[in-house]
1. So, of the residues in segment 250-286 that are open to solvent by 20 Å² or more (accessible area, probe 1.4 Å) and of a type in the set (A, V, I, L, M, F, W, C), which turns out to be farthest from Leu319 (Cα to Cα)?
2. Any residue in segment 117-128 that is within 12 Å of Arg10 (Cβ to Cβ) and touching a residue at least 24 places away in the same chain (Cβ under 8 Å) sitting within a Cβ distance under 7 Å of a residue that is open to solvent by 30 Å² or more (accessible area, probe 1.4 Å) and part of a helix (DSSP H, G or I)? List the pairs, counting only those 6 or more apart or interchain.
3. Taking segment 91-104, which residues are touching a residue at least 40 places away in the same chain (Cβ under 8 Å) and over 18 Å from His145 (Cβ atoms)?
4. From Lys332, Lys337, which residue is over 19 Å from Asp202 (Cα atoms) and open to solvent by 20 Å² or more (accessible area, probe 1.4 Å)?
5. Mind listing whichever residues of segment 296-342 are under 27 Å from Ala121 (Cβ atoms) and within 14 Å of the chain's Cα centre (by Cα)?
6. Within the set of pairs 6+ apart or on separate chains, which have a first residue in segment 28-48 that is under 22 Å from Lys210 (Cβ atoms), a second that is open to solvent by 70 Å² or more (accessible area, probe 1.4 Å) and in a helix (DSSP H, G or I), and C-beta atoms under 8 Å apart?
7. Taking Ile123 and the conditions (1) open to solvent by 70 Å² or more (accessible area, probe 1.4 Å); (2) in contact with an Asp or Glu (Cβ under 7 Å, 6 or more places away or on another chain); (3) not acidic (Asp, Glu), which numbered condition does it fall short on, given that it satisfies the others?
8. Mind checking which helices (runs of 4 or more DSSP H) fall wholly inside segment 58-177 and carry at least 2 residues that are farther than 29 Å from Glu37 by Cα?
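The values are calculated or read from the model by the stated rules, or taken from the named source; none is laboratory data. All values derive from a computational prediction rather than experimental measurement. Note that we place each Cβ from the backbone using ideal geometry, even for glycine, and neighbour counts take in every protein chain shown. The area values use the complete protein model at the heavy-atom level, side chains included, leaving out ligands, DNA and RNA. Shrake-Rupley method; radii C 1.70, N 1.55, O 1.52, S 1.80 Å.
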Amino acid sequence: MVATLTDAKRSAIAEKLADMRAIQNLIIANEQQFIKECKNNEIFGRLEDMLEDDQNNLEVLETTITQYGIQSEPKEKVQKMIEQAQEMMKSSELSLYEKLAQHELLKHGQVMSGLVVHKAAQIAGADVEEALSPLNSVNFENRAHQERLKGMLEYLGTQELTGEEPDQGLWGRVQDAVAAMTGVIGSAVTQASDRSDMDIMDIIFMDHQKAKTLISEIKGTNNPQRIQEFFGQLYKDVIVHAEAEKETVYPQVRSFYGNDDTQELYDEHEELKTTLNEMKELDPTSSEFKSKLKQVKDMIGDHTRQEESTMFASIRKNLSPEQREQMATQFKEVKKKLQNLM
């Protein structure tokens with residue numbers, strides 16, 4: 001009779017995944033409470049967007065655990081930490097700034113757990129790495145959330161101390177965060193001293209986050225001029241990004257990512273461009289414009305989740321770091337050419 005054993009490494013990964021699921025539920029509960037407490041319109045919409053992302057990420061975690069095939073319970077110390085955090089978040093003695101500061105630490109913990117699981121999967125076996133590939137999108141999104149939370153903390157903290165907004169405003173801080181994302185991702189995941197360029201996955205991810213940030217900004221203002229400014233940038237960024245991927249990324253990944261999956265990404269870009277062109281003709285304050293914006297947000301969300309999970313995993317598996325850097329260089333060259341034309 002063949003014994004069926006689950007080795008220690010795989011059991012440890014299963015337990016870490018259970019920890020992440022439990023903390024993700026805490027993160028969602030926190031954000032639901034923050035939305036109820038928030039009186040600031042600048043922050044309210046961003047918390048709603050973050051909550052939606054985190055609810056989607058919980059589903060990704062659930063799917064990942066099921067695909068992994070080993071169910072586990074979170075460690076007892078993690079359960080106790082969650083109980084303590086819940087009590088703290090209920091406290092009326094803490095300001096929203098103080099609660100968000102603790103929340104940002106939770107996000108940081110999720111980022112590090114995601115990175116540790118990813119690295120452990122590489123050691124445990126190819127089947128484990130494949131099963132856990134959907135976590136890539138969760139890891140990337142949590143990184144972006146950290147930067148957004150820092151922007152919220154700067155904004156709220158300055159208001160609490162002075163009664164006034166920071167000079168830059170929240171949008172300026174978010175722009176800084178997007179620009180800083182190169183260092184944030186590179187230092188923790190792929191950056192090396194002898195690299196000639198960034199990894200293509202880092203570049204694509206930064207484009208994704210900028211698009212999501214612009215959508216959040218459009219949703220967060222009723223000023224027609226500001227909507228037009230943000231939409232104009234969103235339109236140009238998405239069109240350039242789509243064409244650059246079409247020229248440099250998709251042709252190279254089709255052979256190993258698969259014809260059907262690659263074609264789906266092509267088709268999604270075309271659908272997105274069609275919707276954006278329709279929005280150009282609409283009154284930016286109209287209900288139809290807002291409805292189309294919701295469609296664009298959903299399309300970008302679905303598209304980026306696929307790229308950041310399965311396509312990125314396939315790129316990482318089939319292309320060397322040098323090949324990924326070369327692709328990044330080509331991608332940026334095409335983007336620069338298209339930006340000059342536009």
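1. Leu282
2. Val117/Lys16; Ala120/Lys9; Ala121/Glu129; Ile123/Lys9; Ala124/Lys9; Ala124/Arg10; Val128/Arg10
3. Quick first cut of segment 91-104, residues touching a residue at least 40 places away in the same chain (Cβ under 8 Å) only: 95-97, 99-101, 103-104.
Scanning segment 91-104 gives a single hit, Ser95.
4. Checking each option against the conditions leaves just Lys337.
5. Passing the criteria: Gly301, Asp302, His303, Thr304, Arg305, Gln306, Glu307, Glu308, Ser309, Phe312.
6. Sorted first by the residue in segment 28-48, then by its partner, the pairs are Gly45/Lys219.
7. (2)
8. Per the criteria, 96-124, 126-131, 135-162.
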